[in-house]
Amino acid sequence: MPKLFLLIMWLAFPLFGFFGWFFYNKSKHEERKLLIEKGINPEEFSKPSQNFKFFWLKLGMVVMGLGLGLFVIALLVDLHLTGQSDAIYPAILCLCGGGSLVLANYLAHRKN
């Protein structure tokens with residue numbers, strides 16, 4: 001029974017992702033078609049969003065937050081228990097990866 005559940009779960013997640021992508025693109029296409037039918041130039045609405053400008057900064061902050069949380073968990077486990085925590089390795093990876101994404105955002109922002 002658990003193997004069947006895991007199989008369904010592993011098949012369902014990519015399927016949901018595909019259907020989400022498919023219906024999102026289908027709705028964008030329908031919206032574009034309606035704008036053309038009404039005589040509105042759809043290129044006016046397809047300008048890049050200002051929210052995408054800070055994508056790397058936002059992603060870096062999220063990864064750094066996850067890394068900091070894992071680091072705190074590793075410290076708490078090491079301080080209060082005698083066992084060794086395995087959360088320190090992903091914490092270091094997340095902190096370094098998030099820091100590099102924030103740095104990449106500032107370097108890209110600096111060039112522009």
Which Rg and Dmax, in Å, describe the Cα atoms of segment 1-47? 18.0, 56
Got a sec to turn the phi values of segment 12-22 into Karplus ³J(HN,Hα) couplings, 6.51 cos²θ - 1.76 cosθ + 1.60 with θ = phi - 60°, whole Hz, x for Gly and Pro? 6, 4, x, 5, 5, x, 5, 5, x, 5, 4
The extension gain from Ser100 to Leu15, computed as 0.36 nm times the residue separation minus the Cα-Cα distance, is 27.4 nm
Highest average packing first - 22-30, 93-101, Cβ atoms within 10 Å: 93-101, 22-30
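Read-outs: derived from the displayed coordinates by stated rules, not from any lab. In this text the structure is predicted, and so the values were computed from the model without any measurement. Because the Cβ atoms are built from the backbone with ideal geometry, glycine has one as well, and the counts that use them run over all protein chains shown.
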